[in-house]
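Asks: Sending over a structure as structure tokens; questions will come in a sec.
The values are calculated or read from the model by the stated rules, or taken from the named source; none is laboratory data. Keep in mind it's a predicted model, so treat the numbers as computed, not measured. Heads up, the Cβs are rebuilt from the backbone with ideal geometry, glycines too, and the neighbour counts pull from every protein chain shown.
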Amino acid sequence: MTKLEHANITVPSIDAAIEFLGVVAPDFRVRADKFNQASEYRWAHIGNDENYIALQEPKDIEEAKDARRPYFDFGVNHLALTVGDIEQSIRDLVRLGYQRNGDLSDEVSRKRVYFYDRAGFEWELVQYLSDDPQQRYRYDD
């Protein structure tokens, strides 16, 4: 079976992404956090023993912000993480002042919600209510 080993994404702030992931993915750890002297950019790998997210931070954050419109231009719009208790994740994030993007989507086979980290990058949290792939990945509810 094919599994996603890692995703390499550019985020507005590596520190903000690591802070957010520390709340929703307590099994993730920072595997590497480096500064590439030649290219003058920071990168980090955060994840567990199965997979990780490769984070890169743009050299010129203001220029990068103006260059892309999420959901309109090419690029990553958000990453989704599965969580065991989405209601607890929501409470934790709200308590810590994270901004929610929309309401909780409470579907037959899953619950979903979107949050922004402190730098404005969007993350989706998903809690599946079934182990049956036919139920988990329904597109009609």
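Asks: Restricting to region 117-141, what's the tally of residues that are more than 19 Å from GLN99 (Cα to Cα) and either surrounded by fewer than 16 Cβ atoms within 10 Å (Cβ to Cβ) or basic (Lys, Arg) (or both)?
Replies: 13
Asks: Which one is modelled with the highest pLDDT among residues in region 111-141 that are of a type in the set (Ser, Thr, Tyr) and out of contact with any strand residue (DSSP E or B) (no Cβ under 6 Å at 6 or more places or on another chain)?
Replies: SER130
Asks: For the condition in contact with a helix residue (DSSP H, G or I) (Cβ under 8 Å, 6 or more places away or on another chain) and closer than 20 Å to ALA17 by Cβ, what is the one hit in ALA80, ALA119, ALA54, ALA67?
Replies: Among ALA80, ALA119, ALA54, ALA67, only ALA119 is in contact with a helix residue (DSSP H, G or I) (Cβ under 8 Å, 6 or more places away or on another chain) and closer than 20 Å to ALA17 by Cβ.
Asks: Across region 88-116, what is the number of residues that are among the hydroxyl-bearing types (Ser, Thr, Tyr), over 23 Å from ILE53 (Cα atoms) and either assigned to a loop (DSSP other than H, G, I, E, B) or touching a helix residue (DSSP H, G or I) at 6+ places or on another chain (Cβ under 8 Å) (or both)?
Replies: Total meeting the criteria: 1.
Asks: Can you say whether ASP73 is within 21 Å of SER13 (Cα to Cα) and part of a loop (DSSP other than H, G, I, E, B), as far as the supplied structure shows?
Replies: Yes, satisfied.
Asks: Tell me yes or no: at least one residue of region 55-64 is among the hydrophobic types (A, V, I, L, M, F, W, C), assigned to a loop (DSSP other than H, G, I, E, B) and within 16 Å of SER13 (Cβ to Cβ).
Replies: no
Asks: Next question, about the same structure. Scan (1) surrounded by 12 or more Cβ atoms within 10 Å (Cβ to Cβ); (2) closer than 18 Å to GLU124 by Cβ for the single condition ASP103 breaks and write down its number.
Replies: Unmet for ASP103, out of (1) surrounded by 12 or more Cβ atoms within 10 Å (Cβ to Cβ); (2) closer than 18 Å to GLU124 by Cβ: (1).
Asks: A further question on this structure: Have a look at GLU5, GLU62 and point out the one that is over 24 Å from LEU93 (Cβ atoms) and without any contact (Cβ under 8 Å) to a residue 24 or more places away in the chain.
Replies: After applying the criteria, what remains is GLU62.
Asks: Among ASN36, ASN48, ASN77, which is the only one that is surrounded by fewer than 16 Cβ atoms within 10 Å (Cβ to Cβ), at pLDDT below 90 and within 17 Å of TRP123 (Cβ to Cβ)?
Replies: ASN77
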